[in-house]
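Let me begin by presenting the structure, written as structure tokens, before commenting on it.
The values are calculated or read from the model by the stated rules, or taken from the named source; none is laboratory data. Keep in mind it's a predicted model, so treat the numbers as computed, not measured. Don't worry about glycine lacking a Cβ; one is built from the backbone with ideal geometry, like all the others, and counts go over all protein chains shown. Heads up: the accessible areas ignore ligands, DNA and RNA and are worked out on the full protein's heavy atoms, side chains in. Shrake-Rupley method; radii C 1.70, N 1.55, O 1.52, S 1.80 Å.
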Amino acid sequence: MTKSVAGELAGLELPVERGCPFAPPAAYERLREQAPISKVRLTSGGQAWWVSGHEEARTVLADPRFSSDRRKDGFPLFNLDAATLRQLRSQPQLMIGMDGGEHAAARRPVIGEFTIKRLAALRPRIQDIVDHFIDALLATDQRPVDLVQALSLPVPSLVICELLGVPYTDHDFFQSRTTMMVSRTSSPQERRQAFTEVRAYLDDLVTRKEAEPGDDLFGRQIARQRQNGALDHAGLVSLAFLLLTAGHETTANMISLGVVGLLTHPEQLALIKTDPGRTPMAVEELLRYFTIADGVTSRVATEDMEIGGASIRAGEGVIVSALSANWDPAAFKDPADLDVDRGARHHLAFGFGPHQCLGQNLARMELQIVFDTLFRRIPALRLAVPVDDLPFKNDAVIYGAHELPVTW
Ligand code: HEM
């Protein structure tokens, strides 16, 4: 039966740092045990509902009475400063912040780009990209190597080039600027500059594609647009930018953390080394275990309702903690065990409901190819520093590793 402290204020100030590199903060477990839906204070001011049970998280994320519109009053933007919020409110709405019919209309034309069948055509290119960076790793005499810069960041950047049909001659530019947008080694000014350059580049790319549409994502979107006026130029640029921002840093961090997870659980790594057929399930388990996008699945209630024993009022913010849900023992037995044979497909690392990650099949494919290829080609790979000394990204919305020194 659902326990609840509806109306009470539980003591959790957000965002909370993960305590040890892997486990969710201890407060998550305490809150989930007290009540799977409870109220928390936000460091940015105000309060929001905190959804931490697996069942309750799915209920909220599937319920159309919750809005994803970040511009609405009450939306729990615990991770955004005032300037970023102003910028967000001044820009055209992206699919991730739309609701209902408007959201479905924006998502529908792009779904076809991410089907397993369509992505299968990308597989050989992704394999080439991964091999290219591993060739470079093997060719260097330098030790240790920072895997974040050498593999985790460039691979998803180049995969997005493939997806968007960025010409080969622009790959270096695209990859260096997208890396600069998210790397710790860049200053805030460099990051802003890279952001502006990438946006301008995508604008120009869309203009070129409009002049000469090819057989790629933009070509197909432009053909549709000409048939029914679905997306205009600005809409296509925003779509490209959304795919880049949603798919680059997330996948990069998951590559790094997946490698850390496997290297620190050698018995699990041995299972996929001897039987690569297990890698797809290992990827699901790593996604569950790290749940890098925690709290990204925030919503605001659009009407008064009773859910999981909580009385939620219209205009109140709701933060669904996918990390807490993915460590809910009611859904995953012994959640602290990393078990590649678990069969963790019902995890919420990609969200749930209408906004469930559009690029999840692509992310899965990239992760599978990276882990299989990396450990096959560099079987002696190991961390060059103790795991507790690794600089984990505890301060950001997307959890990850700033740096990953490895050797072999
Ligand atoms: C490991 C990698 C990834 C993780 C953990 C991840 C996680 C998520 C999550 C949790 C959401 C749901 C947000 C919500 O409910 O409000 C989401 C949505 C989304 N993701 Fe991903 N993502 C990843 C990779 C990608 C990639 C590779 C792409 C595309 C290139 C992508 C594109 C999107 C888009 C477009 C949405 C919005 C979908 C919508 O609103 O309908 N993601 N992602």
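Brief remarks follow.
- Of the residues L287, L243, the single one that is of a type in the set (A, V, I, L, M), touching a Leu at 6+ places or on another chain (Cβ under 7 Å) and closer than 25 Å to L158 by Cα is L243.
- Among the residues listed as L374, L367, the single one being surrounded by 19 or more Cβ atoms within 10 Å (Cβ to Cβ), closer than 20 Å to T264 by Cβ and near the ligand (Cβ under 8 Å from one of its atoms): L367
- Any hit, segment 270-291, residues being under 21 Å from F75 (Cβ atoms), open to solvent by 50 Å² or more (accessible area, probe 1.4 Å) and of a type in the set (S, T, N, Q): no
Quick grid of which residues meet (1) at pLDDT 95 or above; (2) in contact with a helix residue (DSSP H, G or I) (Cβ under 9 Å, 6 or more places away or on another chain); (3) of a type in the set (D, E, K, R); (4) open to solvent by 30 Å² or more (accessible area, probe 1.4 Å):
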site: N326; (1), (2), (3), (4): yes, yes, no, no
site: F332; (1), (2), (3), (4): yes, yes, no, no
site: R342; (1), (2), (3), (4): yes, yes, yes, yes
site: H346; (1), (2), (3), (4): yes, yes, no, yes
site: A349; (1), (2), (3), (4): yes, yes, no, no
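- Taken over segment 47-69, the criterion of being open to solvent by less than 50 Å² (accessible area, probe 1.4 Å), out of contact with any helix residue (DSSP H, G or I) (no Cβ under 7 Å at 6 or more places or on another chain) and not in a strand (DSSP E or B) is satisfied by E56, V60, D63.
- Test: residue in segment 161-168 that is open to solvent by 10 Å² or more (accessible area, probe 1.4 Å), charged (D, E, K, R) and farther than 29 Å from G219 by Cα: no
- Against the list (1) within 21 Å of the chain's Cα centre (by Cα); (2) open to solvent by 60 Å² or more (accessible area, probe 1.4 Å); (3) under 30 Å from S67 (Cβ atoms), the condition Q149 fails is (3).
- Qualifying residues in segment 121-143 (those that are aliphatic (A, V, I, L, M) and more than 16 Å from the ligand (Cβ to nearest atom)) - the one nearest to F375 (Cα to Cα): I134
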